[in-house]
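See below for the structure under consideration.
The values are calculated or read from the model by the stated rules, or taken from the named source; none is laboratory data. It should be emphasised that the depicted structure is a prediction, and the values quoted were computed from it without experimental measurement. Backbone-built Cβ (ideal geometry, glycine too); neighbour counts: all protein chains shown.
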Amino acid sequence: MERKNLLKRRVLRDDVAEYLMQAILAGSLNPGDKIVESKLARELSISQGAVREAIRDLIAQGVLETEPYKGTRIRTLSRAQLDDYYDVRTEIESIAVRWSIVKHQSRYLDLAHLKSCVDNMAICVQNNDTTNMRKHDMAFHQAIVLAAHSESLAKAWNSLGNYYWSYIAVHYDHAASLLPAQVEKHRTMYEAIAAADISAYAQCVRGHYFDADTLFPTEGEGSAP
């Protein structure tokens, strides 16, 4: 019975974490918003224990942050942290493409899925659907990492991915003019992968990120955007 209860709580914890991530991606929760454990437990009609564990997981992933006497909030990024994130994620995805093509001979690459993600991004831009646009964007990069067939690499990307998407989601709505270019950048990345051109992909991936100066203007190095 104790093991069954532990398993149930673990599932609930994952469900709560997924609920919060989806709320962030949908723009219902924004960087800086406070997360109140008791309130969330009441909203979801579950125990505070499951909520507490989910919050702990998301803090470890960098999605949430907590301070004494201030509570838990959706994390914000400094410009320096964003630049650091770009550098690390570029390396992870470049490794993923190299491993998927060289190590696994493209066995796990789903080119049809990657192309579908890009095509769906284009449709979302036409329909001004930023919520689903960022979901297809995230799915594109996740598929690339999974094609490397490495649990360790996937875990590293997932932790960075949640950290990033929890922050950038709110900025999609303020970057409509940049989204058509994002689609074309992803199409170029897809074409590089389809051609098994590892070096071309490595060049594309770093240049495809939203320009930090445009999206996250700061008053000084390391200041909060």
Residue satisfying all of: in the range 25-56; more than 15 Å from the chain's Cα centre (by Cα) and in a loop (DSSP other than H, G, I, E, B); nearest to Asp137 (Cα to Cα) among these: Ser28
Condition (residue is in a helix (DSSP H, G or I) and either over 30 Å from Leu29 (Cβ atoms) or in contact (Cβ under 8 Å) with a residue 12 or more places away in the chain (or both)) applied to the range 66-79: is it met by at least one residue? yes
Near pairs, Cβ below 9 angstrom, 6+ apart or cross-chain, from the range 191-216 (surrounded by fewer than 15 Cβ atoms within 10 Å (Cβ to Cβ)) to any residue that is modelled with pLDDT of 95 or more and charged (D, E, K, R): Ala194/Lys115
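So which of Ile101, Ile59 is under 17 Å from the mean Cα position of the chain (by Cα) and assigned to a helix (DSSP H, G or I)?
Of the residues listed, the single one that is under 17 Å from the mean Cα position of the chain (by Cα) and assigned to a helix (DSSP H, G or I) is Ile59.
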Requiring at least 2 residues that are at pLDDT below 85, the helices (runs of 4 or more DSSP H) wholly within the range 149-225 are 151-172, 198-207, 212-215
Test set (1) loosely packed, with under 13 Cβ neighbours inside 10 Å; (2) part of a strand (DSSP E or B) - Ala112 fails condition number: (2)
Output for the range 33-64, where each listed residue is of a type in the set (Gly, Ala, Ser) and buried (at least 17 other Cβ atoms within 10 Å of the Cβ): Ala41, Ala50, Ala54, Gly62
